[in-house]
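This report refers to the structure that appears directly beneath it.
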Amino acid sequence: MKVRATIICEQDRHILLVRKRRCRWTLPGGKIEPGETIAGAAMRELYEETGLEVDDMLYLMEWETTSTRHHVYEASVVNLAAARPQNEIFDCIWHPLDAVHNLKTSDATLRIVKAFQRRL
């Protein structure tokens, strides 16, 4: 089973989503490198994918699919307006939370976002 650090950045009822070329929209995140903490991986992945720097993080939940265990963090970032696609990321958007279901996303992304919305 893959283990993934997954990050939610929310601002004014909008959520940050990323996508690789010709792929579905997802929450930022990725695999944990050897010797890295899950929180450290979350911060690194967010920066590598969007250029955003984490000010603070809160562990929200663990979400498991048949192939992946997501460790989900909510990140407070210092430079929200600086979000830009970087490295393998083709595009990133701030999308209304209540309209994520209208995008082409993975089932895991949609379920994590819905669980996050219930928390608000």
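The values are calculated or read from the model by the stated rules, or taken from the named source; none is laboratory data. These figures come from a predicted structure and were not determined experimentally. Counting neighbours? That spans all protein chains shown, and the Cβs are built from the backbone with ideal geometry, glycine included. Quick note on the areas: whole protein, heavy atoms, side chains included, nothing else; ligands and nucleic acids left out. Shrake-Rupley method; radii C 1.70, N 1.55, O 1.52, S 1.80 Å.
Details
- Any hit, the range 26-36, residues being touching a residue at least 24 places away in the same chain (Cβ under 8 Å), of a type in the set (Gly, Ala, Ser), in contact with a His (Cβ under 8 Å, 6 or more places away or on another chain) and more than 15 Å from Val78 (Cα to Cα): yes
- Some residue of the range 76-86 being closer than 20 Å to Ala108 by Cβ and modelled with pLDDT of 95 or more: no
- Candidate set from the range 2-43 (those that are β-branched (Val, Ile, Thr) and open to solvent by 10 Å² or more (accessible area, probe 1.4 Å)); member that is farthest from the chain's Cα centre (by Cα): Thr37
- Every pair of residues 6+ apart whose Cβ atoms lie under 6 Å, when the first sits in the range 1-23 and is among the polar types (S, T, N, Q) while the second is open to solvent by less than 10 Å² (accessible area, probe 1.4 Å): Thr6/Leu27; Thr6/Gly29; Thr6/Val72
- Of the candidates Thr105, Thr68, the single residue that is open to solvent by less than 40 Å² (accessible area, probe 1.4 Å), more than 15 Å from Val18 (Cβ to Cβ) and of a type in the set (Val, Ile, Thr) is Thr68.
- Of all positions in the range 41-51, none carries a residue that is in contact (Cβ under 8 Å) with a residue 12 or more places away in the chain and in a strand (DSSP E or B).
- The sole residue among Leu110, Leu120 that is over 14 Å from the mean Cα position of the chain (by Cα), open to solvent by 30 Å² or more (accessible area, probe 1.4 Å) and hydrophobic (A, V, I, L, M, F, W, C) is Leu120.
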